[in-house]
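Read the figures in this text as sums done on the coordinates, not as results from a lab. Worth saying up front: this structure is predicted, and the values here are computed from it rather than measured. Every residue, glycine among them, receives a Cβ derived from its backbone with ideal geometry; neighbour counts consider all protein chains shown.
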Amino acid sequence: MPDTALPAADMLPADADADAAAPGAVDPADARYMGLALAEARKAWHEGEVPVGAVVVKDGEVIATGYNQPIGRHDPTAHAEIMALRAAADKLGNYRLPGCELYVTLEPCAMCSGAMMHARLARVVYAAGDPKTGVCGSVLDLFALEALNHHTKVDGGVLAEEAAAMLRGFFAERRAARRPPAAAPDAGTGAAALASALTAGVEGSGA
């Protein structure tokens, strides 16, 4: 599909430095790295996969990237986060990733969250919440379980609307391709609309 139908890859606001001083503003570095994760998500969309992307950062350097590929790889574990974790582990020559941060465009599921904790990530940052399978606070919060022996810092909501808009657009395109042309009702732009899109599109999508 044409690039014009997708959100821009560069999600860092031009006045990011000014925004950083405002209360509640997104950290410019977080916005930049999440912008790179959104660019990875666009790759998934172009391959017919649910558009989720991830990057791993260590000491201010992006060391690995990944995007959702379970359909193309015939691999139920090939979520964006897993692909990025595998690439980072190869890069560092270590299955542990201490001091690393992972940025992902959708709140991680239980499988990916477990892998992140096993990798000993220092921090996880996600964009849009996932009211159906997210375990960073939406469905449950695995990272808050005190019984677990590693606790990764989690921050959410960075470029959330950009990520949610991409997911809504992807599922709208899939629905449109499966039915005759017709006037579609406005899907809305909020969390309820994203939940509806995920519910309608995740079945059989590989997410």
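Things to note:
- Among 113-126, 164-177, sorting by the average number of other beta carbon atoms lying within 10 angstrom of each residue, highest first, gives 113-126, 164-177.
- Quotient of C-alpha Rg and 2.2 N^0.38 Å, computed over segment 72-150: 1.07
- Highest average packing first - 66-74, 36-44, 92-100, 135-143, Cβ atoms within 10 Å: 36-44, 66-74, 135-143, 92-100
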